[in-house]
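Rule-based calculations on the coordinates, nothing more; no lab input. Computed from a prediction, not measured in an experiment: that's the story for all the values here. Using ideal geometry, Cβ is built from the backbone for each residue, glycine included, and neighbour counts are taken over all protein chains shown.
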Amino acid sequence: MAVVSYKCPNCGGELMFDPKIQKYKCEYCFSDFSQEELEALKPEEGSEEKVESYKENSEKENGEAEEAVVYHCPSCGAEIVTDETTAATFCYYCHNPVVLSGRVSGEFLPDKIIPFSIDKKQATEKFLEYVHSKKFVPKAFFNKQQIEKISGVYFPYWMVDMDMEGSMQAEGRNLRVWRSGDTEYTETKVYRVEREGDVHLEDITKNALKKSNAQLAEGVLPYDVSKVQKFHMGFLSGFLAEKRDINREELSAQVQQEAHEYGEKILRGTVKGYSSVSVKNCHLNQKQENWDYIMLPVWTVTYKGRNGKMYYYSMNGQDGKVYGELPIDYKKVWTLGGIISAIVLILGLIGGYLL
Ligand SMILES: [Zn+2]
Ligand SMILES: [Zn+2]
């Protein structure tokens with residue numbers, strides 16, 4: 001498998017994708033290049049430098065061969081040790097960014113990518129803004145020094161579009177109650193309600209990496225898909241990247257079930273004007289589905305709390321939305337908890353008097 005690093009056409013320094021300018025930037029001579037410019041300079045290979053690495057097959061304990069995890073850095077020749085899913089990383093010795101091309105080609109070639117639009121500095125600022133805005137976090141708890149690690153990672157996802165044909169039969173009821181003299185009359189009108197239509201669902205997004213925490217991976221969704229681009233390996237340069245190890249078949253049943261639930265909700269939502277509705281029958285027939293393998297930009301943040309506990313966060317690399325567990329100041333929560341139960345109690349009393 002080839003290890004690819006992107007070199008500056010002017011000075012030979014490493015090129016990295018810069019989210020701020022949405023171009024490749026040389027760390028040494030500060031030149032910048034767009035994707036098109038890079039491709040135009042060296043049409044065949046871009047300015048990639050490739051080094052063929054040895055594929056060392058090691059035997060697992062159970063005798064199964066596993067893929068080699070050792071590559072060689074094109075810049076300094078040092079060994080680069082990777083996980084089986086690593087698709088882009090940095091050389092531990094010379095910090096040269098490298099892309100493992102074999103992990104993002106063939107059947108593992110991503111269809112699409114959303115490039116980072118927030119750089120590390122902005123990500124750090126946005127993260128601190130986020131924690132300061134949280135009500136239950138003790139004021140003194142957060143400061144920049146406690147951010148242990150912040151890394152830009154392209155995570156693999158499946159993005160699914162689905163076309164369905166839906167039909168629903170339901171019963172709607174409207175009640176009218178009136179009084180004449182001593183008699184109370186109730187009129188119930190029962191309606192047969194039918195709905196038929198095409199349901200189109202777009203961008204159902206699912207985590208495609210086994211080792212990632214599904215909540216952290218999906219908590220940063222959704223992304224603005226208008227910024228989607230065709231995948232180019234160069235986007236990964238300067239970031240970490242993971243390749244997918246969850247295939248489409250593994251997710252298919254779950255995605256279909258969710259699509260049907262959404263579809264039913266949409267159909268149900270078109271029925272209005274009744275005091276009650278009960279759905280008798282709902283069918284959704286799938287007409288078409290389209291699956292895209294997409295790389296999405298995520299900043300992962302590891303934060304060490306004062307108690308020594310590690311907290312993990314993920315941030316949408318496009319809009320800075322943060323997802324994760326925050327340390328909670330229990331004193332603050334209890335105050336609010338007290339107010340909530342007081343309100344419930346008063347309501348209970350009013351109810352009691354009315355009865
Ligand atoms: Zn340069
Ligand atoms: Zn190196």
Peptides ranked, highest mean first, by Cβ atoms within 10 Å: ranges 10-19, 32-41: 10-19, 32-41
Which of the trypsin sites (Lys or Arg not before Pro) found in the range 102-186 are loop residues per DSSP with 16 or fewer other Cβ atoms within 10 Å of their Cβ? Lys134, Lys135
Tell me, Ser226, Ser117 in order of fewest to most beta-carbon neighbours within 10 Å? Ser226, Ser117
Sorted by Cβ density within 10 Å, fewest first, the residues Val277, Val4, Val190: Val190, Val277, Val4
Just to confirm a number: summing +1 for Lys and Arg and -1 for Asp and Glu over residues other than Lys227 whose beta-carbon lies under 13 angstrom from that of Lys227, what do you get? -1
Apply the Karplus parameterisation 6.51 cos²θ - 1.76 cosθ + 1.60, with θ equal to phi minus 60°, to every residue of the range 176-188 and state each ³J(HN,Hα) to the nearest whole Hz, in sequence, with x for glycine and proline. 9, 10, 8, 10, 9, x, 8, 9, 9, 9, 10, 10, 10
Where chymotrypsin sites (Phe, Trp or Tyr not before Pro) fall in DSSP loop in the range 126-216, at most 15 other Cβ within 10 Å: Phe136
In this model, which of Lys126/Lys227; Lys149/Lys211; Lys134/Lys243; Lys25/Lys210; Lys230/Lys287 are farther than 30 Å apart at the alpha-carbon? Lys134/Lys243; Lys25/Lys210
Loop-located trypsin sites (Lys or Arg not before Pro) in the range 190-278 whose Cβ has at most 12 other Cβ within 10 Å (DSSP): Lys210, Lys211, Lys272
For the range 123-256, what relative contact order do you get, as a whole percent, if you take Cα pairs closer than 8 Å and at least 6 residues apart? 28 percent
Residue (of Gln256, Gly320, Phe155) at the positive-pole extreme of the range 120-331, dipole from beta-carbon charges: Gly320
